[in-house]
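Heads up, the thing below is written out as structure tokens.
Derivation of every value follows stated rules applied to the coordinates shown; laboratory data play no part. Nothing here was measured: the structure is a model prediction, and the numbers come from that model. Here Cβ is always computed from backbone atoms with ideal geometry, including for glycine, and neighbour counts include all displayed protein chains.
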Amino acid sequence: MLYVSADCTLLNSQENQIVGYSGGSVLLPCSCTDPQTRPVSIKWEHVESGVMEVSNRTRRYVGRIHMFNEKHPANLSLLLSNLIEQDEGLYRCTINNEKSISVNLTVKDCTLSNSQEKQIVGYSGESVLLPCSCTDPQTRPVSIKWERLDSAVSNRTGRYAGRIHMFNEKHPANLSLLLSNLNETDNGTYSCTINNEKSISMNLNVKGKLTHIIKGELWCEMDLGCSSET
């Protein structure tokens with residue numbers, strides 16, 4: 001006996017509102033109501049100032065798309081990773097070139113907190129935190145770079161090797177930089193730039209080592225030596 005499966009009917013034909021975060025992943029839902037059915041064809045499109053196919057064959061999406069229908073034919077959802085602001089907009093899931101549902105994606109990007117230049121004071125031999133962070137802790141930038149005098153500030157840069165600690169691996173929205181073993185040549189303006197466009201700056205002033213040793217009439221400060229009052 002020949003069995004012909006029923007046609008796929010898309011679940012929830014109303015437009016879905018989805019929120020994603022830059023650098024993260026998001027699931028755009030689309031599925032058949034009956035898990036035993038499957039469409040003859042399925043295509044995803046990004047409907048923004050024209051129609052663009054959303055697949056790993058499209059240059060803009062290469063390596064960022066995962067589909068589930070190979071193992072689960074009724075699951076037509078699309079997982080989009082490494083989100084960028086340009087991914088925002090209306091997406092359409094169409095089966096058999098006729099039935100479709102739409103998903104509106106909003107991508108929240110990292111907005112740097114406190115864009116005014118900061119004045120930071122540090123002391124020779126000590127550590128200092130250069131603050132930089134996203135206002136929304138759920139967001140993360142696609143790229144982050146620290147610079148001083150147009151030179152990269154990282155452990156890959158000779159003068160900073162072993163002196164830099166970043167926090168964004170465990171806390172993606174925390175882009176602050178901890179600079180240790182300070183010396184006076186670290187003086188200057190540092191910039192934290194995300195996505196090659198947004199940045200904040202701060203001026204670091206490194207002073208001589210500050211000590212607080214008071215014993216009797218003996219006092220020491222700022223590497224000026226010690227004196228004894230008579």
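Given region 16-108 reduced to its alpha-carbon atoms as identical point scatterers, what log10 I(q)/I(0) does the Debye formula return at q = 0.10 Å⁻¹? So the normalised log intensities work out to -0.23. Taking the Cα centre of the chain as origin and assigning +1 to Lys and Arg Cβ atoms and -1 to Asp and Glu Cβ atoms, the resulting dipole is close to 580 debye.
Using the structure shown, list the pairs from K118/K170; K170/K209; K170/K207; K118/K207 with a Cα-Cα distance above 23 Å, or answer none. From the list (K118/K170; K170/K209; K170/K207; K118/K207), the Cα-Cα distance tops 23 Å for K118/K170; K170/K209; K170/K207.
Database remark: amide H of S31 closer than 5 angstrom to the amide H of L11, L76 (H placed geometrically; neighbours at sequence offset of 5 or more, or on other chains; Pro and chain starts carry no H). Bridgeable lysines around K71 (alpha carbons under 20 Å apart, same-chain partners fewer than 8 residues away excluded): K43. Just checking my list [x] 219; [y] 185; [z] 114 against volume of the Cα convex hull per residue in Å³ computed from this structure; which label fits? Here the calculated entry is [y]. Pick out, from T185, I144, I200, the residue whose Cα sits farthest towards the positive end of the charge dipole of the chain, with +1 on the Cβ of Lys and Arg and -1 on the Cβ of Asp and Glu. Going by the Cα projections, it comes out as I144.
Between amide H atoms placed 1.01 Å from N, distances below 5 Å from R38 occur with C8, all of them 5 or more places distant or on a separate chain. Local charge for Q14 was computed over the other residues whose Cβ lies under 15 Å away, with Lys and Arg +1 and Asp and Glu -1, and equals +1.
Of the residues Y123, Y21, Y91, the one that moves most in a GNM of the chain with alpha-carbon contacts below 10 Å is Y123. A simple rule links phi to the HN-Hα coupling: the Karplus curve 6.51 cos²θ - 1.76 cosθ + 1.60 with θ = phi - 60°, which for region 202-208 gives 8, 9, 9, 10, 9, 9, x Hz, with x for Gly and Pro. Shown in residue order for region 132-145 are the 3J(HN,Hα) couplings computed by the Karplus curve 6.51 cos²θ - 1.76 cosθ + 1.60 at θ = phi - 60°: 7, 7, 7, 5, 9, x, 7, 8, 8, x, 5, 9, 9, 9 Hz (x for Gly and Pro). Partner aspartates and glutamates whose Cα lies under 18 Å from the Cα of K198, excluding those fewer than 8 positions away in the same chain, are identified as E85, D109, E117, D136, E147, D150. Computed 3J(HN,Hα) for region 62-72, one whole-Hz value per residue from the Karplus formula 6.51 cos²θ - 1.76 cosθ + 1.60 where θ = phi - 60°, is 3, x, 10, 10, 9, 10, 10, 6, 5, 8, 10, glycine and proline marked x.
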